[in-house]
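Laboratory data are not the source of any read-out in this text; all were calculated from the coordinates shown. None of these values were measured; they are calculated from a predicted model. Cβ placement follows ideal geometry from the backbone for every residue including glycine, while neighbour counts extend to all protein chains displayed.
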Amino acid sequence: MNNPGIAIPSRAPAATSADDTILPFEVAALDLRGRVVRFGPAVDEILTRHAYPEPVAKLLGESIVLAVLLGSALKIDGRFILQTQTDGPVHMLVVDFTTPGQIRACAKFDAAAVAALIDKGETGAAALMGRGHLAMTIDRGPDMSRYQGLVALDGGTLEDAAHEYFFRSEQIPTRVRLAVGEELRAATGGTSHRWRAGGILLQFLPKATDRQRGADLDPGDAPEGTGVHAVPEDDAWVEGRSLIATVEDIELIDPAVSSERLLYRLFHERGVRVFRSAPVAAQCSCSHDAVGRMLRSFSPQERDDMVENGVISVTCEFCSSTFVFAPADVADEVAAQGRTGQSEPN
């Protein structure tokens, strides 16, 4: 797939989907760039590891896709952390994406409240999350300061929050589509269930910055009767966002529809160029040594309070791995060097 007029070899789109990949693309004729993410085994591993209720699994799956769509834009080694904190039954979602392609995630929720919503058939994102905020943090390492962006969650979806963030913070016309679903297949002993997920991000990035200019944000103190500032949308962006609005959930998760074929369906009239895809894997960063260092950062009294049946057990909230230590194994041997340790995403 290529843009007419540019001497780049063209070929037919791949017939089948490559799971657990990030595929960057460009529609030069419309000044559009974006990424398509496809998840198979990686998202299934994360979601089935905790046996989340179906609505919680779907919501966490969407947050995983969104984090990878956004985090894969980083051009540096680091981490992109997406976290929600809300007053709803699913009061926290945490996704930790480490470049170039490691992902881990977990959800915290009120099981009884989620079950009540399921009984009432109210399992949309608004009911599950309620109100609060979505934080997106770029962690470039211990020697660099963190960057964090916040956007309110006011009863909408994660897609809505992403659009609001780009509108207010990045000032880049952006559209995101997210989808999560279960693939059911006949298997020995019954039907097998496997989670799949996918998403697409599209941005309008013209070389002439005046074409990207949007309406001024409401300052909040404009005199009564002041008209709302409006700027006509560029025709190229109108066409692009209209096309991405036609994408159906099944197209984003169907293993029979590859990322390349989806892009061809959307942009073949204009020409679409794809770049080398990158793999994504479900991989936690926890380890016996890392947990041991974390325990040594606590005071002796705090460690004593953690002892049960003669040992200290720590279970990783992301991957559910359990690490067991004898109290003597985590004695405060680094006290002379000062309190040290590591922390999970905030």
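Axis angle, to the nearest 10 degrees, between helix 111-120 and the longest C-alpha principal axis of the chain: 40 degrees. Projected label points at residue 241 and residue 119, each 7 Å from Cα along the beta carbon direction, are separated by 4.2 nanometres.
Return a whole-number percent for the relative contact order of the chain, with Cα pairs under 8 Å and 6 or more residues apart as the contact set. Before the final figure, lay out the partial values.
Details: 654 pairs, mean separation 81.1, N = 346.
Relative contact order, the chain: 23 percent.
Taking the Cα centre of segment 288-337 as origin and assigning +1 to Lys and Arg Cβ atoms and -1 to Asp and Glu Cβ atoms, the resulting dipole is close to 120 debye.
Filter the GluC sites (Glu not before Pro) in segment 230-301 down to the DSSP loop ones having no more than 16 other Cβ atoms within 10 Å, then list what survives.
233, 248, 269
Taking the centroid of alpha carbons for each part, segment 23-94 and segment 154-208 are 7 Å apart.
How large is the direction-averaged shadow of the alpha-carbon convex hull of the chain, in nm²? Averaged projected area of the chain's Cα convex hull equals 24.1 nm².
Most exposed first by the Cβ proxy, i.e. fewest other Cβ within 10 Å, how do 19, 210 rank?
The most exposed by this proxy come first: 210, 19.
Spread over its residues, the convex hull of the C-alpha atoms of segment 1-131 is 148 Å³ per residue. How many percent of DSSP beta bridges within the chain run antiparallel, rounded to 5? Antiparallel bridges: around 95 percent, rounded to the nearest 5. Among 170, 302, 317, the largest mean-square fluctuation in a Gaussian network model of the chain (Cα springs under 10 Å) belongs to 302.
A simple spin-label model places pseudo-atoms 7 Å from Cα toward Cβ; at residue 76 and residue 182 they are separated by 4.2 nm. Legend: ranking of residues 200, 64 from fewest to most surrounding C-beta atoms inside 10 Å; resulting order 200, 64. May I ask you to work out the translational diffusion coefficient for segment 288-337 at 4 °C, viscosity 1.567 mPa s, via Stokes-Einstein with Rh from the Kirkwood sum over Cα pairs, reported in whole µm²/s? In µm²/s, the coefficient is 116. Just checking the listed ones, 306, 92, 129: in the Gaussian network model of the chain with Cα springs under 10 Å, the one fluctuating most is 306. Expressed as an acute angle from 0 to 90° and rounded to the nearest 10, what is the orientation of the C-alpha long axis of helix 235-244 relative to the principal long axis of the chain? Compared with the principal axis, the helix lies near 50 degrees.
The 3J(HN,Hα) values that the Karplus relation (6.51, -1.76, 1.60; θ = phi - 60°) gives for segment 185-199 are, in residue order, 9, 5, 8, 4, x, x, 8, 8, 10, 9, 7, 10, 8, x, x Hz. Gly and Pro appear as x.
Label-to-label distance for residue 308 and residue 265 is 4.9 nm, based on points extended 7 Å past Cα in the beta-carbon direction. Taking other C-beta atoms within 10 Å as the exposure proxy, 177, 11 rank 11, 177 from fewest upward.
Starting from the Kirkwood radius over alpha-carbon pairs of segment 78-205, derive D by Stokes-Einstein at 25 °C in a medium of 0.890 mPa s and give it in µm² s⁻¹. D = 147 µm²/s. Compare 243, 184, 128 in a GNM of the chain, Cα atoms joined below 10 Å, and give the one with the largest fluctuation. It is 184. Think of each Lys and Arg Cβ as +1 and each Asp and Glu Cβ as -1; about the Cα centre, that makes the dipole of the chain roughly 1160 debye.
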